[in-house]
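Q: First the structure, which I've put down as C-alpha cells, then a few questions once you've had a look.
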Amino acid sequence: MSRPAILLHLFAILCVVALGAGLDVMEVDAAQYAGMSRDLSRSDEWLQLKYRGEDYLDKPPLLFWTSALSFRLFGVHDWSYRLPSILFAFLGVFATYRFTRLYHAREVAYSAMFVFGCSVAFFLMCNDVRCDTMLTGAVITAIWFGCAWLEQSRWWQLIGMAMAVAAAMLAKGPIGAVVPLFAIGGQAFFSGRWRKLVDPRLLVALGVVLLALTPMCIGLYQQHGLHGLRFYYWEQSFGRITGENRWKDDSTVLFFTHELLWQTLPWTILLLIGLWKSIKATATRMPVPEQASVVGAALSFIALSLSQFKLPHYLYVTLPLFAVVAARELHAPQPRVVHRVHAAMLVLLWAALILLVWTVFPEHRWPYAAVVVGFGSVVVAVHRRHRGNERLFGTAFWTMSAIGLVLNGHFYPHVLKYQANAKAGQWAAAQGKTIDTFYGMQVSGGALDYYAGFPVRWLSDAGEAEQVIAPGVCIYTDAPHRTALYEAGLRPRQEVFLWNHPAQRLSLPFLDPGRRPSTLEPRYILVY
C-alpha cells in the first residue's frame, strides 16, 4: 500500500471519529463519567473520586484524570471529554500495526490496523466513550512492547510494556494485565521462549507497574480502606467469575459469540475463516509466524464469557488481536465462495444504510444521501478495478467508512434529540439555572447533571416540590408526576416539552417512523 493510500485511509477514519466527537454524550455510563470528570476538573483532590459528592468505588481513575485534564485545558465540551480516549484509540491502531509488523509482512500490518480502525466497534468506542476505549489502546500497546521484548530483549521495550500495562490497569483494572499475559505468554510458549517469562528483568517491569499504580492505591485506601484495594484488585474483575461481585445478569456463556459477529463488521467473514485456520494450526502444532493474536484473543474471549455479568463493550479489548487474525486471512488465497459471501454481506450493509438514510430519519437526509451515492460509487469502482483480496479490502473499508459517516453525522444526531435528560440539562445551563433553581422530580441521570453543570437535586413528591417552589424555580419531571403537581395546585407559568427515548435501547418500533411515537415518553420542564 502506497503512502498516499495509507494517508487517505487514515483520513477517512479520522473524519468519521471527528464527526462523532461533538455528539451529546450518551446515558448511562459515558454521561456519568463525563460529569465526574467535570467535577474532578474543578477539584484539587485528584486522588479522591466522587460521584454526586459521594465517595465513588467502581472504575479506576485514568479516564477521569485525563478527561478532567482535557476539560482544564480546552474547557468543558463533549469533544474534550472524548479526546483522551480517542487518542488512546488511535494509539491502539498504531500499536496494532507495530505488533503485526513484528511477525508479518508490511501489507498485513497495514491491513490489521485498518481492520481494527475501520470496524463497527472502533467507531462506537470513539463515540460512546467509556473506560474500555483506553483499555483497548493500552492493552494492544502492552502486547506490542511485550512481544518485541520477547524477540529483541531491549530495555525500552520492557519499560514500554510495563507502562502500557499500568495504563491499562488504571483504565479498567486487572484485566489490563491479564489480556497481555495471555497474548505474550502464548507467544512465549509456542515460540519456545517461555524462559523469558521468568527473566529477572521482569521484576523491574513489575516495579514500574506498581509505582504507576501507587497514586490510585493511595486514593483507594484513603477513601475506602483495605476494602477499596481488594475491590479493585479482585472483586471488580475476578469476582465476576467467582460470583463475589454484586453485578450479575442472566446472560449465557455464548453472549459474546453474536457480539463478536457484529462488532467486527465488515470483516466478520474473514475473521471467522482466520479463526478456524488459526485454531486448527495451533491444535496441530503447525508452524505459524505468531500465536499471540489467536491465543490472546481466544483466552480473553473465554475469560470474558465466564463472567456472570456481561456487556457488549467488554469485548473491545480483544478486537485488535482479532483484527490481526482477520488481516492474515485477508492476504491468504480465498475461494470464490468467500468472495461471494463477503459481497452478499456488503450488499446487505448497503441496503441497511440506504434504509437508514431514506426511511428511518428522512429529514435533512440529502447531504448523507450524497455520501451514500459518492461512497457507493467508490465501492463499485474498487470492485471493478481490483481483483482478489484487494477487492475484499477496498470494498469493505469504504463501505464501513460510509456507514460511519452516516451514523455519526445523520443517525446519532437524530437519535440523541430524544435523550431528554441531556436536552433538559442543556436548557437549564442556557437559562442560567443553578443547583437551587433547577430540580428533578423522580427523574435523574448522568446527562442531566453533566449538561446542567451541577448534580441536580431529587424531589420525591409534590410535598417536597412545594417547599422549594419559588419564582424562577424549574422542575424537570415525567408525565405522572407532572399530573401530581397539577393536582396539588402547583401549576407552572410555563412548560417546556421534551420527548424521551434511551439512546442505548434502540428497537425496531423506534426505528420505524410510523411506530416511533408509541415508544416515546413525554418529559416536562415546569417553570414557576
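Conditions tested, residue by residue: (1) more than 23 Å from Tyr33 (Cβ to Cβ); (2) crowded, with 24+ Cβ neighbours inside 10 Å.
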residue	(1), (2)
Arg82	no, yes
Ile86	no, no
Tyr103	yes, no
Ala112	yes, yes
Cys118	yes, yes
Phe122	no, yes
Cys126	no, yes
Phe145	yes, yes
Ser153	yes, no
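Q: Looking at Glu259 and the list (1) at pLDDT below 80; (2) surrounded by 16 or more Cβ atoms within 10 Å (Cβ to Cβ), which single condition is not satisfied?
A: (1)
Q: Same structure again: Go through region 493-505 and give me each residue that's in contact (Cβ under 8 Å) with a residue 60 or more places away in the chain and not polar (S, T, N, Q).
A: Of everything in region 493-505, those that are in contact (Cβ under 8 Å) with a residue 60 or more places away in the chain and not polar (S, T, N, Q) turn out to be Val496, Leu498, Trp499, His501, Pro502, Ala503.
Q: Identify the single condition in (1) touching a strand residue (DSSP E or B) at 6+ places or on another chain (Cβ under 8 Å); (2) surrounded by fewer than 17 Cβ atoms within 10 Å (Cβ to Cβ); (3) of a type in the set (A, V, I, L, M) that Leu508 does not satisfy, given that it satisfies every other one.
A: It fails just one condition, (1).
Q: Please state which one of Leu299, Leu346 is within 22 Å of Ala112 (Cβ to Cβ), touching a residue at least 60 places away in the same chain (Cβ under 8 Å) and surrounded by fewer than 20 Cβ atoms within 10 Å (Cβ to Cβ).
A: Answer to the check: Leu299.
Q: Take the conditions exposed (fewer than 13 other Cβ atoms within 10 Å of the Cβ), more than 24 Å from Leu356 (Cα to Cα) and out of contact with any His (no Cβ under 7 Å at 6 or more places or on another chain) and apply them to Pro471. Does it pass?
A: yes
Q: Ok, one more. Would you call Arg328 in a helix (DSSP H, G or I), of a type in the set (D, E, K, R) and modelled with pLDDT of 85 or more?
A: yes
Q: Can you tell me which residue among Ala402, Ala424, Ala396, Ala430 is crowded, with 17+ Cβ neighbours inside 10 Å and outside the structural domain of Tyr368 (by TED's automatic domain parsing)?
A: After ruling out the rest, the residue left standing is Ala424.
Q: Any idea which of Ile273, Ile279 is more than 20 Å from Met163 (Cα to Cα) and modelled with pLDDT under 85?
A: Going through Ile273, Ile279 in turn, just one is more than 20 Å from Met163 (Cα to Cα) and modelled with pLDDT under 85: Ile279.
Q: Of all the helices (runs of 4 or more DSSP H) wholly in region 425-528, which have at least 3 residues that are at pLDDT below 90?
A: 462-468
Q: Does Arg285 satisfy being modelled with pLDDT under 80, basic (Lys, Arg) and within 28 Å of the chain's Cα centre (by Cα)?
A: Against the criterion (modelled with pLDDT under 80, basic (Lys, Arg) and within 28 Å of the chain's Cα centre (by Cα)), Arg285 does not qualify.
Q: Based on this model, can you work out whether Leu203 counts as surrounded by fewer than 15 Cβ atoms within 10 Å (Cβ to Cβ) and in the same structural domain as Leu57 (by TED's automatic domain parsing)?
A: yes
Q: Please pick out the residue among Tyr316, Tyr368 that is within 30 Å of Pro413 (Cβ to Cβ), hydroxyl-bearing (Ser, Thr, Tyr), at pLDDT 90 or above and surrounded by 17 or more Cβ atoms within 10 Å (Cβ to Cβ). First the steps, then the outcome.
A: Values: Tyr368 fails: at pLDDT 90 or above.
Every option except Tyr316 fails the conditions.
Q: Being buried (at least 17 other Cβ atoms within 10 Å of the Cβ), at negative phi and among the aromatic types (Phe, Trp, Tyr), is that true of even one residue in region 495-503?
A: no
Q: Exactly one condition in (1) part of a helix (DSSP H, G or I); (2) crowded, with 20+ Cβ neighbours inside 10 Å is not met by Asp24; state its number.
A: (1)
Q: Counting only residues that are closer than 21 Å to Pro61 by Cβ and under 15 Å from the mean Cα position of the chain (by Cα), which one in region 27-46 is surrounded by the most Cβ atoms within 10 Å (Cβ to Cβ)?
A: Selected residue: Ala34.
Q: Being buried (at least 24 other Cβ atoms within 10 Å of the Cβ) and either under 16 Å from Thr100 (Cα atoms) or small (Gly, Ala, Ser) (or both) is the filter here; which residues of region 168-187 pass it?
A: Ala168, Ala171, Gly176, Pro180, Ala183, Ile184, Gln187
Q: Can I ask one more? It is to be established whether one or more residues within region 428-435 are out of contact with any helix residue (DSSP H, G or I) (no Cβ under 7 Å at 6 or more places or on another chain), among the aliphatic types (A, V, I, L, M) and free of Cβ contacts under 8 Å to residues at least 40 places away in the same chain.
A: yes
Q: Given the structure, is Leu490 outside the structural domain of Gln32 (by TED's automatic domain parsing), in contact (Cβ under 8 Å) with a residue 24 or more places away in the chain and surrounded by fewer than 18 Cβ atoms within 10 Å (Cβ to Cβ)?
A: Yes, satisfied.
Residue-wise test of (1) more than 27 Å from Ser401 (Cβ to Cβ); (2) modelled with pLDDT of 95 or more.
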| residue | (1), (2) |
| --- | --- |
| Ala5 | no, no |
| Ile13 | no, yes |
| Asp55 | yes, no |
| Phe94 | no, yes |
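Q: To continue, here is another question. Between residues in region 368-395 that are of a type in the set (Phe, Trp, Tyr) and residues that are not in a helix (DSSP H, G or I), which pairs lie under 6 Å by C-beta distance while being six or more apart or on different chains?
A: none
Q: While we're looking at this one, here's another question. Criterion first (within 18 Å of the chain's Cα centre (by Cα) and in a helix (DSSP H, G or I)) does Phe309 satisfy it? Break it down stepwise before answering.
A: Working: within 18 Å of the chain's Cα centre (by Cα): yes; in a helix (DSSP H, G or I): no.
Criteria not met by Phe309.
Q: Of the residues Leu304, Leu229, only one is modelled with pLDDT under 90, surrounded by 19 or more Cβ atoms within 10 Å (Cβ to Cβ) and assigned to a helix (DSSP H, G or I); which?
A: Matching residue, one of Leu304, Leu229: Leu304.
Q: If I ask for residues that are in a helix (DSSP H, G or I) and of a type in the set (A, V, I, L, M, F, W, C), which ones from region 353-365 would you list?
A: Those that are in a helix (DSSP H, G or I) and of a type in the set (A, V, I, L, M, F, W, C): Leu353, Ile354, Leu355, Leu356, Val357, Trp358, Val360.
Q: Follow-up question, since we're still on this one. Take the conditions modelled with pLDDT under 90 and of a type in the set (Lys, Arg) and apply them to Arg336. Does it pass?
A: yes
Q: What helices (runs of 4 or more DSSP H) lie completely within region 86-186 and have 3 or more residues being within 21 Å of Leu62 (Cβ to Cβ), in contact (Cβ under 8 Å) with a residue 60 or more places away in the chain and out of contact with any His (no Cβ under 7 Å at 6 or more places or on another chain)?
A: Hits in region 86-186: 120-127, 131-152, 155-172.
The values are calculated or read from the model by the stated rules, or taken from the named source; none is laboratory data. A quick note: this is a predicted structure, and the numbers were derived from the prediction, not measured. Glycine also receives a Cβ, built like all others from the backbone with ideal geometry; neighbour counts cover every protein chain displayed.
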